[in-house]
Each structure stands twice: as C-alpha cells, then as structure tokens.
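As structure tokens, the structure follows; a few thoughts come after it.
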C-alpha cells in the first residue's frame with residue numbers, strides 16, 4: 001500500500017517555479033547585508049555554490065534582477081551589481097514621492113486604529129535598526145499597509161518595483177541617515193486625519209534627505 005502523500009500548503013509553488021524568485025530575493029538580501037556591493041561582479045559558478053541550486057534558476061534570477069535594475073549583464077563578462085548613481089536615485093525618489101502623494105488620501109479612510117498602530121510600530125523599528133535588511137523589510141511592510149488600503153493595485157505594484165530597485169541604496173542610506181524618521185512623522189499627523197499636513201511634513205523631511213543623498217552621490221562620482 002502506498003503511503004499517503006505529504007500535505008502541501010495551497011500557496012506553496014513547486015520548487016522549480018519558486019527557485020528563481022527565492023534566488024533573486026537572496027541576492028537582494030546579500031546586497032542589503034553588503035555581502036555583495038554595487039560594482040561587484042557575480043559569476044554563475046559562485047552563485048550556484050552559494051545558493052546550492054542549478055544554473056537555470058540562477059540565470060532566471062539574474063535576468064529578473066537585470067529587468068528591475070539591480071544588476072547589469074554584459075556578454076562574456078557576466079553580471080555586475082549596478083553601481084549607485086545620483087540620476088537613478090533622483091528618479092526613484094521623485095517617483096516614490098509621487099506614488100505616496102497618490103496613496104495617502106484614498107488609503108486614509110480604510111485605515112483602522114490597529115493599522116495606524118502597526119504602521120507606527122514598523123516605522124519606529126525601521127528608524128532604530130542598524131541592519132539595512134531589517135530596515136528594508138520593515139519599511140516595505142510600512143508602505144504596504146498604506147498602499148493596500150488605497151485599493152489601487154497598480155500603485156502598489158509599481159511602488160514595490162521601485163522598492164526592489166532601491167534595495168542596493170539601503171546600506172548607503174542607513175549610514176548617511178541612521179536616525180531619520182519621516183515615516184514616524186507622517187503617521188503621527190496622518191492618524192489625526194490631517195492628511196495634507198501629514199504629507200507636507202513628510203515631504204519636507206523626505207526632500208531634505210533626497211538633496212543630501214544626491215549631493216553625496218555626486219561628490220563620489222566626481223573625478
């Protein structure tokens with residue numbers, strides 16, 4: 001008699017389907033932990049050994065990361081973590097701010113007191129951690145609370161894509177601004193129903209950070 005099949009969760013994809021996604025996530029986490037840094041070259045052989053998977057999911061993961069802007073793939077030279085640039089940082093920052101401006105008003109009416117509490121807790125965690133990976137994860141969860149409540153899935157999808165592309169900037173940002181708290185300020189005012197004022201206060205701090213980031217990146221690129 002055959003033994004009963006092992007139970008699988010409905011949301012678990014077959015290993016072959018989820019392997020490239022998992023590898024891409026782990027490469028992104030390695031960037032956040034500064035195991036891989038902007039400008040570093042990645043070889044398939046190195047990644048196969050590190051992540052203990054075959055070359056096929058490695059190639060698929062690298063192609064996905066190239067599409068999002070995290071790596072550059074060159075013929076005969078392999079993959080490289082995309083260097084930081086002030087032009088890209090500015091584009092990401094401006095697009096993020098535009099999406100946030102579109103999200104705060106429609107999201108507010110769907111946010112419960114528990115949502116505000118959870119978001120504020122995540123914002124505080126992100127401010128206090130010295131781990132870029134934790135900061136990325138908590139910041140992503142923070143914004144997801146707001147973007148889910150907009151009930152505009154395309155806004156959420158585009159914002160998440162920008163967050164993934166921005167991941168390699170997080171170690172740099174955390175060193176430059178270890179105690180910046182724009183998200184905390186946003187929630188402190190936002191939960192009172194003062195939506196426009198909350199966004200103005202957030203935007204002021206956000207743009208100050210962006211200006212400093214751009215200046216710092218420009219100075220690093222200067223000959």
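Just to be sure before I move on: is residue 135 more than 15 Å from the chain's Cα centre (by Cα) and at pLDDT 95 or above in the structure I sent? Answer is no for this residue.
Of all the criteria given as (1) outside the structural domain of residue 179 (by TED's automatic domain parsing); (2) out of contact with any helix residue (DSSP H, G or I) (no Cβ under 7 Å at 6 or more places or on another chain); (3) modelled with pLDDT of 95 or more, the one not satisfied by residue 45 is (3). Answer yes or no: is there a residue in the range 171-180 that is over 18 Å from the mean Cα position of the chain (by Cα), at pLDDT below 95 and not in a helix (DSSP H, G or I). For the range 171-180, residues over 18 Å from the mean Cα position of the chain (by Cα), at pLDDT below 95 and not in a helix (DSSP H, G or I): present.
Taking the range 30-140 as the region of interest, none of the helices (runs of 4 or more DSSP H) fully inside it holds 2 or more residues being buried (at least 17 other Cβ atoms within 10 Å of the Cβ), on the phi > 0 side of the Ramachandran plot and in contact (Cβ under 8 Å) with a residue 24 or more places away in the chain.
Which one of 130, 168 is closer than 26 Å to residue 86 by Cα and touching a strand residue (DSSP E or B) at 6+ places or on another chain (Cβ under 8 Å)? Break it down into steps so the answer makes sense when it comes.
On the way: 130 fails: touching a strand residue (DSSP E or B) at 6+ places or on another chain (Cβ under 8 Å).
Going through 130, 168 in turn, the sole match is 168.
Residue-level check: of (1) without any contact (Cβ under 8 Å) to a residue 24 or more places away in the chain; (2) in a loop (DSSP other than H, G, I, E, B), residue 189 misses just (2).
The values are calculated or read from the model by the stated rules, or taken from the named source; none is laboratory data. Keep in mind that what you see is a predicted model, and the values were worked out from it rather than measured. Glycine gets a Cβ as well: all are built from the backbone with ideal geometry, and neighbour counts include every protein chain shown.
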